[in-house]
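Peer 1: Can you read through this structure? Questions will come right after.
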């Protein structure tokens, strides 16, 4: 992620304020300022995909931009919050892509797609990614902030302080929520055999 305090950060914050104020063109001016950060997130998400994966980091960034530009307006407060929202959009895009691939395979013989998050040491197969998305939706119904922490940390690659800033909580809260969310997701994804 970008180091805090860069001159562009003030411009990003100003453009986000304009976006919240209804200036739809602000997103077009904002995009070049955060493109490198978005590409870093996309590359992290795609780093361990199977060879021949049809999405590239730039494709994922541009698809996320289109989704953000065409969807209901979010109200990000700063760069970290905007990146968290964009990371969520990228997660949804990857899940949609995985679902389309599964549908194209007509339910059988789908080869696993590997997504690795080295930070937490989790490898997800193609089917596990879809199961994770379903579990995240259920988690969001129980505790929306826990889902947001997972989206920021796992999918967005944000650090604990960046996640805290994006969500408006303390770093310690993020640490506790991250531990709770991982434990809950693990129990949902890998229930003990009877």
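Peer 1: Of 94, 15, 60, which residue is surrounded by 14 or more Cβ atoms within 10 Å (Cβ to Cβ), over 14 Å from the mean Cα position of the chain (by Cα) and either assigned to a helix (DSSP H, G or I) or modelled with pLDDT of 75 or more (or both)?
Peer 2: Going through 94, 15, 60 in turn, just one is surrounded by 14 or more Cβ atoms within 10 Å (Cβ to Cβ), over 14 Å from the mean Cα position of the chain (by Cα) and either assigned to a helix (DSSP H, G or I) or modelled with pLDDT of 75 or more (or both): 15.
Peer 1: Quick check, is residue 74 within 16 Å of the chain's Cα centre (by Cα), modelled with pLDDT under 70 and either closer than 13 Å to residue 155 by Cβ or surrounded by fewer than 18 Cβ atoms within 10 Å (Cβ to Cβ) (or both)? Give the steps one after another, and end with the answer.
Peer 2: Numbers: within 16 Å of the chain's Cα centre (by Cα): yes; modelled with pLDDT under 70: yes; either closer than 13 Å to residue 155 by Cβ or surrounded by fewer than 18 Cβ atoms within 10 Å (Cβ to Cβ) (or both): yes.
When the stated conditions are applied, residue 74 passes them.
Peer 1: Another one. Please give the number of the condition residue 5 fails out of (1) surrounded by 14 or more Cβ atoms within 10 Å (Cβ to Cβ); (2) out of contact with any strand residue (DSSP E or B) (no Cβ under 9 Å at 6 or more places or on another chain); (3) modelled with pLDDT under 80.
Peer 2: (1)
Peer 1: Residues of the range 160-176 being closer than 20 Å to residue 41 by Cβ and crowded, with 16+ Cβ neighbours inside 10 Å, which ones?
Peer 2: 160, 162, 163, 164, 165, 166, 167, 174
Peer 1: Based on this model, can you work out whether residue 38 counts as surrounded by 21 or more Cβ atoms within 10 Å (Cβ to Cβ) and at pLDDT 85 or above?
Peer 2: Yes, satisfied.
The values are calculated or read from the model by the stated rules, or taken from the named source; none is laboratory data. These numbers come from a predicted model, not from an experiment. Cβ sites come from the backbone with ideal geometry, for glycine too, and all protein chains shown count toward neighbours.
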